[in-house]
Amino acid sequence: NKAVTIHTLVTLRAAGEKITMLTCYDASFASLMDRCGVEILLIGDSLGMVCNGHNSTLPVTVAELAYHTASVARGSKSAMIMADLPFGAYGTPETAYANAVILMQAGAHMIKIEGGAWLAETVRFLTERGIPICAHIGLTPQSVHQLGGYKVQGKSTESAAELKNDALALQNAGAAIVLMEAMPTQLGKEVTDMLTIPTIGIGAGPDCSGQVLVMHDMLGVFPGRKARFVRNFMEGAASIDDAVTGYVKAVKDGSFPALEHCF
Ligand code: KIV
Ligand code: NA
């Protein structure tokens with residue numbers, strides 16, 4: 001497979017082909033996902049929950065994400081490697097840059113940060129310095145205590161308008177991707193139609209340019225409560241290879257997410 005770049009994502013969106021993304025934390029799964037055609041591997045700060053057993057993403061550090069990013073980068077051949085900047089690592093454009101450099105040097109090709117229009121300055125600062133950015137809006141788990149729980153975002157007219165404004169501001173600041181988590185299907189569609197850059201959804205409906213799930217969730221491994229937007233692809237699969245291939249196929253042919261996974 002050819003290396004997935006920022007141009008690949010633009011081409012896929014333009015062609016109407018869905019972009020596939022999964023979280024990944026080690027070299028063995030990176031190799032498997034790469035082989036199954038997953039286009040983006042995210043070293044998410046969900047690491048703290050699914051690998052370390054914390055009940056939020058807040059304790060995760062840059063050093064931990066760098067360690068796992070290096071492992072994923074060694075295991076994959078052609079996928080795009082995206083790494084999260086964790087809680088507390090991007091309070092200013094300068095600290096964001098210093099921490100993003102650590103993750104890029106560990107092997108990331110793109111950096112994801114959580115937040116709205118207030119992050120535009122940081123997005124511009126990093127993109128100008130050669131660091132492609134995925135902006136994560138909607139349910140932003142690092143703000144769980146500010147949000148008062150893991151809740152669907154953008155349900156009221158005002159909050160939907162604010163999220164649209166955030167998405168536009170982040171695109172205008174140079175973001176390469178907008179990722180939307182836990183938002184109504186209609187809003188996911190409106191944001192995707194409004195933007196020229198690709199969108200990735202997790203619980204944001206079928207109309208986003210692509211989809212992402214946490215690896216443990218889609219393999220039915222995570223012991224917590226199953227979120228509405230999760231589908232266990234191990235059901236009916238003969239192997240993990242089968243499950244991941246099934247995920248890629250279901251995202252590409254539009255059968256995932258189905259109505260039952262959406263808000
Ligand atoms: O950390 C993570 O796994 C994420 C995805 C849920 C998008 O940010
Ligand atoms: Na994350």
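The values are calculated or read from the model by the stated rules, or taken from the named source; none is laboratory data. As the structure is a computational prediction, the values presented were derived from the model and not from experiment. Cβ placement follows ideal geometry from the backbone for every residue including glycine, while neighbour counts extend to all protein chains displayed. To get the accessible areas, we keep the full protein, side chains included, count just its heavy atoms, and leave off ligands, DNA and RNA. Shrake-Rupley method; radii C 1.70, N 1.55, O 1.52, S 1.80 Å.
For this structure, a couple of remarks:
- Rg(Cα) / (2.2 N^0.38 Å) computed for region 49-158, rounded to two decimals: 1.10
- Across the accessible surface of the chain, with the other protein chains kept in place and a 1.4 Å probe, carbon and sulfur atoms take up 55 percent.
- Solvent-accessible surface of the chain, averaged per residue with a 1.4 angstrom probe and all protein chains in place: 42 square angstrom.
- Judged by the gyration tensor of its Cα atoms, with axes a ≥ b ≥ c, region 206-263 is oblate; a/c meets the 1.5 cut and b/c is at least as large as a/b.
- Taking GluC sites (Glu not before Pro) in DSSP loop states with no more than 16 other Cβ atoms inside 10 Å as exposed sites, the chain has its longest site-free stretch at 18-234.
- Global geometry of the chain, whether rounded, prolate or oblate, following the gyration tensor of its Cα atoms and the 1.5 cut on a/c: rounded
- The chain - charge dipole about Cα centre, Lys and Arg +1 at Cβ, Asp and Glu -1, debye rounded to 20: 280
- Ranking Thr185, Thr157, Thr199, Thr92 by solvent-accessible area of protein heavy atoms (1.4 Å probe, all protein chains present), from largest to smallest, gives Thr157, Thr92, Thr185, Thr199.
- Region 152-247, dipole about Cα centre (Lys/Arg Cβ +1, Asp/Glu Cβ -1), debye to the nearest 20: 220
- Radius, Kirkwood style, for region 33-104 when every pair of distinct Cα atoms is counted (Å): 12.7
- Shown in residue order for region 217-227 are the 3J(HN,Hα) couplings computed by the Karplus curve 6.51 cos²θ - 1.76 cosθ + 1.60 at θ = phi - 60°: 4, 6, 9, x, 9, 5, x, x, 5, 6, 5 Hz (x for Gly and Pro).
- Rounded if a/c under 1.5, otherwise prolate or oblate - region 132-217, Cα gyration tensor axes: rounded
- Distance distribution P(r), region 109-263, all Cα-Cα pairs, bin width 5 angstrom from 0: 2, 10, 18, 21, 19, 15, 10, 5, 1, 0 percent.
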